[in-house]
Amino acid sequence: MDIEKRLELIKQVGEEIVTIEELKKLLETKVHPIAYDGFEPSGRMHIAQGILRTINVNKMTKAGIKFKILVADWFAWMNNKMGGDLDKINTIGEYFIEIWKACGMDLDKVEFIWARDLVRKEGHWKTTLDIARNSTVNRILRCSQIMGRKSSENLSAAQIIYPCMQVADLFHLECDIAQLGMDQRKVNMLAREVGPKLGFWKPVVVSHHMLLGLSKPITNSKDPDDLLLDMKMSKSKPDSAIFMEDSAEEVKRKINSAYCPEKQVELNPILEYCKYLIFEKFDKISIKRDKKFGGDVVFSTYEELEKAYVGGKLHPMDLKNAVIIYTNEMLKPIREHFSKGNAKKLLEKVKSYNITR
């Protein structure tokens with residue numbers, strides 16, 4: 001695949017890329033650049049972490065990128081997830097990996113690394129402290145949204161160390177690309193700033209779109225970072241998210257009650273499901289309707305569907321009915337995977353935990 005085609009695939013992943021020129025040079029000089037993402041094992045996995053993450057990873061690997069996914073057990077511990085119980089956190093980490101196995105992720109080009117192993121790597125702690133020495137407390141506090149925390153929250157000392165350690169991970173994983181969500185942008189920009197000062201490099205940042213939660217977005221926050229946290233899909237608000245092993249009935253209930261303003265594209269989570277998930281997994285969307293409402297209709301592209309919706313030719317309930325069908329189809333392999341054997345036992349154990357923020 002030539003450079004332009006590889007670039008186009010990566011552009012499909014990146015809502016923002018810092019910078020395109022650096023990315024192109026990286027692809028020209030390195031056969032298989034390494035990209036990084038990390039996840040706190042802190043509860044059940046939702047569809048953005050599972051399906052959307054798989055779609056984006058597979059585009060990156062198709063473009064020749066090798067992927068390192070950090071199972072960030074120590075970060076969940078530092079962020080007081082699961083009440084700071086490392087045993088529970090580690091169990092959830094195993095559950096995360098099981099989901100990605102069932103999702104169709106291109107695992108031949110993906111390496112899972114546990115934070116507990118990475119922090120023991122020689123020089124890691126020194127790098128973390130060097131990053132802290134080259135950053136102000138205010139700068140680190142502005143990175144708080146990477147932990148799902150607002151800047152106004154009262155953070156522990158461990159949570160202040162967290163961003164410094166995340167930047168150190170990127171360098172000790174020897175990653176060329178930070179490929180995380182837009183909510184991680186500030187810490188990735190910190191990595192670009194301090195890396196050259198400490199004898200490392202300036203990683204390319206490919207930030208993917210944050211899928212909206214299903215609830216009506218809260219848009220009254222004055223802080224843009226807090227606004228992003230309020231609007232994105234969150235496991236702390238269970239009805240705002242489709243979880244990877246939700247039953248068909250749960251999917252139907254959540255989508256039927258989801259925010260979906262008629263003729264409106266902006267901040268419409270149901271249209272986002274179509275754009276970022278369904279049209280990425282299926283060639284078309286077929287919508288069943290009574291003849292008196294125009295009969296069945298098929299859309300081959302998201303643009304066609306959006307145009308019909310904005311024009312009032314597609315009702316929110318008809319769209320929701322189709323999204324329910326396609327979402328359940330996407331989740332079918334995961335449900336089957338967790339219906340038997342060790343995967344079933346693992347899920348039962350995770351569900352038994354009192355999942356908190």
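The values are calculated or read from the model by the stated rules, or taken from the named source; none is laboratory data. Everything quoted here is computed from the prediction, not taken from an experiment. So basically every Cβ, Gly included, is an ideal-geometry build from the backbone, and we count neighbours across all protein chains shown.
Summary of computed values
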item: Hey, Arg53 of a type in the set (Lys, Arg), out of contact with any helix residue (DSSP H, G or I) (no Cβ under 7 Å at 6 or more places or on another chain), part of a helix (DSSP H, G or I) and touching a residue at least 24 places away in the same chain (Cβ under 8 Å) or not; result: yes
item: Lys59 assigned to a helix (DSSP H, G or I) and assigned by TED's automatic domain parsing to the domain that holds Asp183; result: yes
item: Leading residue by the ranking (nearest to Gly14 (Cα to Cα)) among those in the stretch 40-85 that are of a type in the set (Gly, Ala, Ser) and buried (at least 21 other Cβ atoms within 10 Å of the Cβ); result: Ala63
item: Sole residue being assigned to a helix (DSSP H, G or I) and touching a Pro at 6+ places or on another chain (Cβ under 6 Å), chosen from Ile161, Ile140; result: Ile140
item: Number of the exception - Ser42 against (1) touching a strand residue (DSSP E or B) at 6+ places or on another chain (Cβ under 7 Å); (2) part of a loop (DSSP other than H, G, I, E, B); (3) of a type in the set (Gly, Ala, Ser); result: (1)
item: Cβ pairs under 6 Å, 6+ apart, first in the stretch 312-328 and in contact (Cβ under 8 Å) with a residue 40 or more places away in the chain, second of a type in the set (Ser, Thr, Tyr) and assigned to a helix (DSSP H, G or I); result: Val323/Tyr273
item: Scan of the stretch 236-248 for residues that are more than 19 Å from Ile278 (Cα to Cα) and either in contact with a His (Cβ under 6 Å, 6 or more places away or on another chain) or not hydroxyl-bearing (Ser, Thr, Tyr) (or both), ordered by number; result: Lys237, Pro238, Asp239
item: Hits in the stretch 172-192 - residues which are within 19 Å of His32 (Cβ to Cβ) and of a type in the set (A, V, I, L, M, F, W, C); result: Leu173, Cys175, Ile177, Ala178
item: Qualifying residue in the stretch 31-53 (condition: acidic (Asp, Glu) and over 14 Å from the mean Cα position of the chain (by Cα)); result: no
item: Of all residues in the stretch 126-137 being free of Cβ contacts under 8 Å to residues at least 24 places away in the same chain and not in a loop (DSSP other than H, G, I, E, B), the one that is nearest to Lys186 (Cα to Cα); result: Val137
item: All helices (runs of 4 or more DSSP H) inside the stretch 230-317 with 2 or more residues being at pLDDT 95 or above, under 18 Å from the mean Cα position of the chain (by Cα) and surrounded by 20 or more Cβ atoms within 10 Å (Cβ to Cβ); result: 269-273
item: Out of Glu15, Glu94, Glu98, sole residue that is of a type in the set (Asp, Glu), closer than 19 Å to Leu277 by Cβ, touching a residue at least 12 places away in the same chain (Cβ under 8 Å) and surrounded by fewer than 23 Cβ atoms within 10 Å (Cβ to Cβ); result: Glu15
item: Of residues in the stretch 167-183 being modelled with pLDDT of 95 or more and either assigned to a helix (DSSP H, G or I) or outside the structural domain of Thr29 (by TED's automatic domain parsing) (or both), the one farthest from Leu212 (Cα to Cα); result: His172
item: Count of residues meeting criterion [in contact with a Phe, Trp or Tyr (Cβ under 7 Å, 6 or more places away or on another chain) and free of Cβ contacts under 8 Å to residues at least 40 places away in the same chain] in the stretch 272-295; result: 3
item: Top-ranked residue in the stretch 93-113 [being touching a strand residue (DSSP E or B) at 6+ places or on another chain (Cβ under 9 Å) and in a helix (DSSP H, G or I); ranked as nearest to Leu155 (Cα to Cα)]; result: Gly93
